[in-house]
Amino acid sequence: MLRDITIGRYVSGNSALHRLDPRTKIIISIIYSIFALYCDSFFSMTVISVFTAAAALISKISLKYLIKGLKPMRWFLLFTIIVDIISINGSVIVQFGPVNITYEGIRTAVIIALRFIFFVTGTSLLTLTTPPIALTDGFAHLISPLKRIGVPSNDIAMIISITLKFIPNLADEAERIMKAQRARGADLSRGGLISRAKAMIPVTVPLFVSVLRRAEELSLAMESRCYGKGTRTPRKKTHFAKIDLYTLIIMIFFCGILAIIEFYN
C-alpha cells in the first residue's frame, strides 16, 4: 500500500508537461492548489476536475495511477468525511439517535474530500513530471530574489526537494521492512487497535534507524561535494519557452473562470 504513494516520485517521459520549465510547473501548482483549497461550489470543483484530468492526459500518466496514489490516505479521508457529516448542524436528512446527518454536513464533507484529492493529485503531477534536480533549480530560481534580504534560497529549495524525494523512499523502505517482518512470522494486520500498534514496533524501530542512516549518508555526500562552500550553479540552464507562455495564459484563463464562478456563487 505504501508503494502506491505518488508524491515525490518521478516518471520519465517526453510529454508537453514534462518539457515545461520547472518554474512554470511550480507556479501553476501553487495557483492550482490555492484555487483547489479555496473554491466552495460543486461547479468550481467540476471545472477543477476537468482541468486535472486534462493535465493527466497531457502528461501521459494514467488517471488510474494517480487515483492509486490516494489509496494510502483513504482512512484519513474517510475519517474526515465521517466527522464532517456528523458534526455540522443544518437541515436534518437522517437522524440516528443523537446523531444528525445534515445536508450541510454532507456538502461540506464532499467539498473537503475533493479539495484533499485535488491537492494531492496536483502535487503528484508536479513531482511525477519534474526530475528532483530540476525541481530544486526551479525552486531556487523562484525564491532567488529573497537573497537580497539574507534568505538562503538555495538551502530552502534543497530542503523542499529532499523532503519530496524522501517521501516515496521512506514509503518503499517501510514496505520492505513490513514484508521482511511478515516473512519472519509477524502478524501486522490482525487484532484490535492496541495489538496492531504493538505489532508495528518491529517496523518503526528499523525504519527510524534507516532514516538516520540515510540522513547521515546524504550529509556525507553533500560534504564531499563541498555543498555550502561556494556559489552553487545549476546543472542545466532553464529558460521560458513559448509553451511556458501559452501554458501560463491558459492557467490565467482557467483561474479567471473559477474566480467568476466563485464571485457569483
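The values are calculated or read from the model by the stated rules, or taken from the named source; none is laboratory data. The structure presented is a predicted model; accordingly, all values stated were derived computationally and were not measured. We place every Cβ from the backbone using ideal geometry, glycine too, and count neighbours over all the protein chains shown. SASA here: full protein model, heavy atoms, side chains in, ligands and nucleic acids out. Shrake-Rupley method; radii C 1.70, N 1.55, O 1.52, S 1.80 Å.
Values as computed for the structure displayed
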| quantity | calculated |
| --- | --- |
| Condition met for Ile86 (in a loop (DSSP other than H, G, I, E, B), at negative phi, at pLDDT below 90 and aliphatic (A, V, I, L, M)) | no |
| Hits in the stretch 71-93 (condition: under 13 Å from Phe116 (Cβ atoms), open to solvent by 70 Å² or more (accessible area, probe 1.4 Å) and charged (D, E, K, R)) | Arg74 |
| Candidates Ile243, Ile201 - the one that is aliphatic (A, V, I, L, M) and modelled with pLDDT under 80 | Ile201 |
| Of all residues making up the stretch 171-188, the number that are in a helix (DSSP H, G or I) and either touching a helix residue (DSSP H, G or I) at 6+ places or on another chain (Cβ under 7 Å) or open to solvent by 40 Å² or more (accessible area, probe 1.4 Å) (or both) | 12 |
| Selection status of Phe35, of a type in the set (Phe, Trp, Tyr) and open to solvent by 80 Å² or more (accessible area, probe 1.4 Å) | no |
| Candidate set from the stretch 143-170 (those that are within 15 Å of Ser219 (Cα to Cα) and more than 12 Å from the chain's Cα centre (by Cα)); member that is least open to solvent (accessible area, probe 1.4 Å) | Ser161 |
| Condition check for Val50: modelled with pLDDT under 85 and β-branched (Val, Ile, Thr) | no |
| Options Phe96, Phe119: the member that is open to solvent by 50 Å² or more (accessible area, probe 1.4 Å) and under 16 Å from Ile27 (Cα atoms) | Phe119 |
| Test result for Thr130, part of a loop (DSSP other than H, G, I, E, B), open to solvent by less than 60 Å² (accessible area, probe 1.4 Å), among the polar types (S, T, N, Q) and touching a helix residue (DSSP H, G or I) at 6+ places or on another chain (Cβ under 8 Å) | yes |
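Conditions tested, residue by residue: (1) at pLDDT 75 or above; (2) open to solvent by 80 Å² or more (accessible area, probe 1.4 Å).
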position: Leu218; (1), (2): yes, no
position: Lys229; (1), (2): no, yes
position: His239; (1), (2): no, yes
position: Ile250; (1), (2): yes, yes
position: Phe254; (1), (2): yes, no
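Here is a yes/no grid of residues against (1) in contact with an Asp or Glu (Cβ under 9 Å, 6 or more places away or on another chain); (2) exposed (fewer than 15 other Cβ atoms within 10 Å of the Cβ); (3) in a helix (DSSP H, G or I):
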position: Thr24; (1), (2), (3): yes, no, yes
position: Ser44; (1), (2), (3): yes, no, yes
position: Phe51; (1), (2), (3): no, no, yes
position: Ala54; (1), (2), (3): no, yes, yes
position: Ile58; (1), (2), (3): no, no, yes
position: Ile61; (1), (2), (3): no, no, no
position: Lys64; (1), (2), (3): no, yes, yes
position: Ile67; (1), (2), (3): no, yes, yes
